Amino acid sequence: PLVDESRLRDVKGFVDRARAQGAAVVIGGCEPEGLRDGHYYAPTVVDVRPEHEIAREEVFGPVLSFIEVDDIEEALTVANTVDYGLCASIFTKDIGQAFTFIDKIDAGMIHVNRPGLGGFSHMPFGGFKYSSYGAREVGDDTINFYTDIKSVHIQET
């Protein structure tokens with residue numbers, strides 16, 4: 001479900017423009033039948049190229065776009081060319097490859113061998129580039145954001 005008709009229209013627009021640009025909708029890409037009360041869009045998977053709008057923008061709907069790449073360097077190049085960097089994930093058994101990814105990806109939250117977006121209650125939530133706004137949320141960063149720290153030194157006389 002989406003929050004309102006406007007959000008539904010936006011999500012549909014992303015998928016329709018992706019089709020027009022030559023992307024392949026693997027599954028979904030429509031409003032599900034039989035759901036009348038609300039604004040629903042079927043979970044959708046789209047095979048895209050790096051230049052497609054849907055690969056470069058935040059859709060904020062039940063849409064996953066993917067880009068096939070040949071190696072980690074190509075994956076990093078593709079991922080780092082977008083204007084957003086909230087979260088990134090890598091699935092690998094190669095710890096060296098994982099650390100290469102961690103070092104080179106432009107994202108605020110990085111996951112290795114687990115799906116992304118959510119974080120943990122003890123780790124800061126926030127991104128790089130145009131993802132997120134302001135100070136990090138959650139963890140010690142939140143305490144620091146909402147706290148004015150004073151340093152006081154008292155010498156007894």
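Report, by residue number, each residue of the range 64-89 that is of a type outside the set (F, W, Y), buried (at least 16 other Cβ atoms within 10 Å of the Cβ) and out of contact with any Pro (no Cβ under 8 Å at 6 or more places or on another chain).
S65, I72, A75, L76, A79, V82, G85, L86, C87, A88
If you go through the range 51-78, how many residues are under 18 Å from D103 (Cα atoms) and under 11 Å from the mean Cα position of the chain (by Cα)? Give the steps one after another, and end with the answer.
Step one: list which residues in the range 51-78 are under 18 Å from D103 (Cα atoms), which gives 71-78.
Checking the rest, the ones that are also under 11 Å from the mean Cα position of the chain (by Cα) come to none.
Residues flagged as under 18 Å from D103 (Cα atoms) and under 11 Å from the mean Cα position of the chain (by Cα) within the range 51-78 amount to 0.
Determine, yes or no, whether Y84 is at pLDDT below 90, closer than 17 Å to F14 by Cβ and not polar (S, T, N, Q). Outline the logic, then answer.
Details: at pLDDT below 90: yes; closer than 17 Å to F14 by Cβ: yes; not polar (S, T, N, Q): yes.
Taking the combined requirement at face value, the residue satisfies it.
Please determine whether any residue of the range 123-142 is in contact with a Lys or Arg (Cβ under 7 Å, 6 or more places away or on another chain), in a loop (DSSP other than H, G, I, E, B), surrounded by 12 or more Cβ atoms within 10 Å (Cβ to Cβ) and at pLDDT below 90. First the steps, then the outcome.
If we filter the range 123-142 for residues that are in contact with a Lys or Arg (Cβ under 7 Å, 6 or more places away or on another chain), which is where we start, we get 124-126.
Then keep just the ones that are in a loop (DSSP other than H, G, I, E, B); that gives 124, 126.
Now drop any that are not surrounded by 12 or more Cβ atoms within 10 Å (Cβ to Cβ), which leaves 124, 126.
Retained after the next criterion (residues that are at pLDDT below 90): 124, 126.
Checked the range 123-142: at least one residue is in contact with a Lys or Arg (Cβ under 7 Å, 6 or more places away or on another chain), in a loop (DSSP other than H, G, I, E, B), surrounded by 12 or more Cβ atoms within 10 Å (Cβ to Cβ) and at pLDDT below 90.
Quick one: which residue in V11, V25, V46 is surrounded by 16 or more Cβ atoms within 10 Å (Cβ to Cβ) and in contact (Cβ under 8 Å) with a residue 40 or more places away in the chain? Spell out the reasoning first.
Values: V25 fails: in contact (Cβ under 8 Å) with a residue 40 or more places away in the chain; V46 fails: in contact (Cβ under 8 Å) with a residue 40 or more places away in the chain.
That would be V11, the only listed residue that is surrounded by 16 or more Cβ atoms within 10 Å (Cβ to Cβ) and in contact (Cβ under 8 Å) with a residue 40 or more places away in the chain.
Residue pairs, Cβ under 7 Å, 6 or more apart or interchain, first in the range 90-103 and over 12 Å from D71 (Cα atoms) and open to solvent by 60 Å² or more (accessible area, probe 1.4 Å), second among the hydrophobic types (A, V, I, L, M, F, W, C) and not in a helix (DSSP H, G or I). List them.
Going by the 7 Å Cβ cut-off, the qualifying pairs are I102/I110.
The values are calculated or read from the model by the stated rules, or taken from the named source; none is laboratory data. From a predicted model like this one, the values you see are computed outputs, not experimental measurements. Here the Cβ is made from the backbone with ideal geometry for all residues, glycine too, and neighbour counts use every protein chain on show. Ligands, DNA and RNA are stripped out before the accessible areas are found, and what is left, the full protein with its side chains, is counted by its heavy atoms. Shrake-Rupley method; radii C 1.70, N 1.55, O 1.52, S 1.80 Å.
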